[in-house]
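Written out below as structure tokens is the structure these notes cover.
The values are calculated or read from the model by the stated rules, or taken from the named source; none is laboratory data. Please read all numbers here as calculations on a predicted model, not as lab measurements. Every residue, glycine as well, gets a Cβ built from its backbone with ideal geometry; the counts of neighbours run over all protein chains shown.
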Amino acid sequence: MDNIRNILSRPALGRRGLLALGAGATLAGNGARAQRAVPPPPATRKGQAVVGISQEPTVFNPLMPGIEVDETVWMNVFSTLWYPEPDGTLVPDLAVEVPSTANGGISEDGLAWTVKLREGVVWHDGAPFTAEDVRYTLELINNAAFRTRTRQGHSLVREIVVKGPHEIAWRMEKAYAPYLALLSNTYIVPRHILEKAADPNTAPFNAAPVGTGPFRWSSRVPGDHIQLAANERYHGKGPYLERAILKYIPDQTALYAQFRTGQVDLIIGTGIPANFYAEAVKLPGRKVTTIPNASLEVLMPNLELPALSEKAVRQALYHAINKKGIIDIIYYGLHKPTESFAPRESWAYNPDLPAHSFDIGRANALLDEAGWARGGNGIRQKNGVPLEFAVSTTTGAALREQCQQLMMQDWQKIGVSMKINNMAAAVIWGEFYVRSKFQSLLVGTAFRTGIDPDPATRFASDAIPVRGGSGGNYMQWVNPEVDRLLIEGQTSFDQARRKAVYFRLQEIVREELPILPIFQYAPVEGTKDQLIGYRPNINARQNTWNMREWYWAT
């Protein structure tokens, strides 16, 4: 590690560095690169791509609870009925067409759905893909004994009918507008394998998945890499590579060093740390760009913790976060401040939310008014509860660690005792996260359903896993008005009406602060110049979404 750090000249910023730099950090541009004709794909598969990621994929059944990095595996081993392009267009994959009211696939009332499936698709083990696999997938998701990623939307499916090997129909309990988007992120699993398992939660399949996607599971070295091999019988375009290697390097500085020296061909996901951006754009033989991303960096409080359960406390903490310093100095101005859970690019984004102000005085006043009194040690308390909690994030995320240090020092000024409790990605984003064992987290995540702005899986009271729900409301937020609005937004196909609903939801979230939004990501990803086909996609959770199209220029 010392050798790697010697290669990289820019040190991490300390507290004094933060204060000395001020908000005037500047960025180098990408600069002009010579345009050249793009060669066609190779006639035969060849080569490999080494994809550098800073977190380790550990969940390989795509229906089970996982995090964004797990999708680097899911989206290549498995297929969905349709998938979103960068412009939001849904493209058929296992389906022949995307159902709509226009083509008769969805009834006018939104309740009856019919999907026609592609013929000739086979699983990686050679078994034919049929409508029975789709039915099995939907039924498994709704099986109460199965530990599913989410049942939001899927729980409305009723009366599934297989009308033939390549046609399936069902009825919805009620109209659910986001279901098209949700299905674009629902990977179909093989009935013929999983139905034989004594328990799908612990099936051998979960460690060696079999799909219909462009790449087959090959091997895994825990803590190091996953290798995928080309699926020679893939039903779509490509793949053009022989194999892909997902290389896990938890220290982001070390990951960038390997990109710089050519040991990894791409950096995706958390990407190139902002403090190396100005250098990275000048690297010869590399393409380095900021990319659109729907995820937000937020402080996620556990609202069951007495110190964080009160709105006034969360409002005070928010006022005492130096968001401008975090964005402009720690992240070199790359990311965009936000007050919303919706990405700026969404048709449902509310641009009129109150702007954040970094105001230590206001933060102290809010806590005084709420009855949080300072003790002899300077730490506030109320009804015997001290105003103290831990903030956790991934070890090795140097810039987040700097954010923690800055928050800790600013929150001391308002009588808050903050501790740091970081851990490895495979630990923190497991039970600690999905079972709400944290006190608060610095986390990057999205608050929508696929490409639909519906945030019910993150904010609905029935989406709290630790209370028996299925979803991602790990904050354990309960708000009856929010529950009502979420249902209204889900059951209307009128975009103007839905927009009004989501504008109001954003107002409530901004007021109540079940999450403290810091910025919307504009991550920096990089590839080697000679890699063709890489395309960032704001509607995909990982930019390996089209790895089947990648190939090397020769």
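Just a few scattered comments:
- Filtered residue count, the stretch 419-444, keeping only those that are surrounded by 21 or more Cβ atoms within 10 Å (Cβ to Cβ) and either among the β-branched types (V, I, T) or part of a strand (DSSP E or B) (or both): 6
- P465 farther than 24 Å from V391 by Cα, surrounded by fewer than 22 Cβ atoms within 10 Å (Cβ to Cβ) and over 15 Å from the mean Cα position of the chain (by Cα): no
- Any chance G396 is assigned to a strand (DSSP E or B), more than 19 Å from E310 (Cα to Cα) and either hydroxyl-bearing (S, T, Y) or in the same structural domain as G375 (by TED's automatic domain parsing) (or both): no
- Note on the stretch 265-285: among residues that are in contact with a Gly (Cβ under 9 Å, 6 or more places away or on another chain) and either β-branched (V, I, T) or without any contact (Cβ under 8 Å) to a residue 12 or more places away in the chain (or both), the one that is farthest from P57 (Cα to Cα) is V281.
- Some residue of the stretch 232-250 being closer than 23 Å to A424 by Cα, of a type outside the set (S, T, N, Q) and not in a strand (DSSP E or B): yes
- For V427, the test of being at pLDDT below 95, closer than 26 Å to Q506 by Cα and out of contact with any Phe, Trp or Tyr (no Cβ under 6 Å at 6 or more places or on another chain) is failed.
Yes or no, residue by residue, for (1) modelled with pLDDT under 95; (2) closer than 18 Å to E71 by Cβ; (3) among the aromatic types (F, W, Y); (4) more than 23 Å from the chain's Cα centre (by Cα):
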{"residue": "L182", "(1), (2), (3), (4)": "yes, yes, no, no"}
{"residue": "I193", "(1), (2), (3), (4)": "no, no, no, yes"}
{"residue": "D199", "(1), (2), (3), (4)": "no, no, no, yes"}
{"residue": "T202", "(1), (2), (3), (4)": "no, no, no, yes"}
{"residue": "F205", "(1), (2), (3), (4)": "no, yes, yes, yes"}
{"residue": "R220", "(1), (2), (3), (4)": "no, yes, no, no"}
{"residue": "I245", "(1), (2), (3), (4)": "no, yes, no, no"}
{"residue": "L255", "(1), (2), (3), (4)": "no, no, no, no"}
{"residue": "T290", "(1), (2), (3), (4)": "yes, no, no, no"}
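- Selection count where residues are within 19 Å of R118 (Cβ to Cβ) and not charged (D, E, K, R), scope the stretch 177-228: 16
- Qualifying residue in the stretch 295-305 (condition: modelled with pLDDT of 95 or more, in a helix (DSSP H, G or I) and over 30 Å from T544 (Cα atoms)): no
- Within the option set I487, I538, I508, being over 30 Å from L366 (Cα atoms), in a helix (DSSP H, G or I) and not basic (K, R) holds for one residue only, I487.
- Tabulated pairs, the stretch 201-218, first under 16 Å from V121 (Cβ atoms), second exposed (fewer than 14 other Cβ atoms within 10 Å of the Cβ), C-beta under 7 angstrom, 6+ apart or interchain: V210/D125
- First in the stretch 482-508 and of a type in the set (D, E, K, R), second anywhere and part of a helix (DSSP H, G or I), Cβ under 7 Å, 6 or more apart: D483/S461; E488/V501; R498/G489; R504/L485
- Options S295, S340, S309: the member that is polar (S, T, N, Q) and in contact with a strand residue (DSSP E or B) (Cβ under 6 Å, 6 or more places away or on another chain): S295
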